[in-house]
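Where a number appears in this text, it was derived from the coordinates with a stated rule and is not lab data. Please read these numbers as outputs of a predicted model, since none were measured by experiment. Cβ sites come from the backbone with ideal geometry, for glycine too, and all protein chains shown count toward neighbours.
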Amino acid sequence: MSEHYFSKQPQVKSERTTWQTNLRGHHFSFTTDYGVFSREKVDDGSRLLIESFAEPKITGNILDLGCGYGPVGLAVAKTFPRRQVVMADINERAVSLAQHNVKQNQVTNAKVIVSDRFSTITDTFAAILLNPPIRAGKTVVYSLFTESYDALKKGGELWVVIQKKQGAPSAAKKLEELFGNIKLMTRKKGYHIYKMKKLD
């Protein structure tokens, strides 16, 4: 199997680069590298997820699952400074970059960990944000949905972005089966933002 950005230790050459962008009215400086997802800019799906996300009504921490170099988690942490944001990824290079970007952007309410899905995560969360690794296949993606459900507090929310051409309709059906509810929050450029609430 060819290597993807969800490999634990990318073997492609390392060549860091730094660029600037704005997310939810905040200026960010991101350092990225080969071997991580969307290294040249914040991808359209993640940007739409960032812009759409609303703070949950219940108390608790927020999880950015599959954080990459950190745009989603850092934007959420900056927007909601009273929340603690946990950022997790299997890709060790991505985690190193995200840790660097936390410091570079002077974000004090975020921590970054290495985790293969939920392997090192034991907390429960008020919200989980997920831009799933579609190339990993349905088995992996659907297991992320199930494990996210289990990791939510009662009343907690899972926010997911999926591109229509990459299986949004079938993913939505799976999510509705799992949660018993699903809301299409917005769609743009073929990307769908879904929100599900854990009711029990």
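Assorted remarks:
- Placing +1 on the Cβ of every Lys and Arg and -1 on the Cβ of every Asp and Glu, with nothing else charged, gives the chain a dipole about its Cα centre of roughly 520 debye.
- Alpha-carbon centroids, the stretch 31-86 and the stretch 89-134: separation in whole Å: 9 Å
- Least to most buried among S14, S96, S170 (fewest other Cβ within 10 Å first): S14, S170, S96
- Projected label distance in nm at N181 and T122, using a 7 Å step from Cα toward the beta-carbon: 3.1 nm
- From the coordinates shown, percent of Cα pairs over 22 Å apart corresponds to which of (1) 43; (2) 64; (3) 77: (1)
- Over the chain: helical MRE at 222 nm, DSSP H runs n ≥ 4 each giving -39500 (n - 2.57), nearest 500: -8500 deg cm²/dmol
- Neighbour-limited loop hits for GluC sites (Glu not before Pro), the stretch 8-68 (at most 15 other Cβ within 10 Å; DSSP other than H, G, I, E, B): E15, E40
- Normalised contact order of the chain, rounded percent, pairs of Cα under 8 Å and 6 or more residues apart: 19 percent
- Cβ-based exposure ranking for V112, V36, in which fewest neighbours within 10 Å come first: V36, V112
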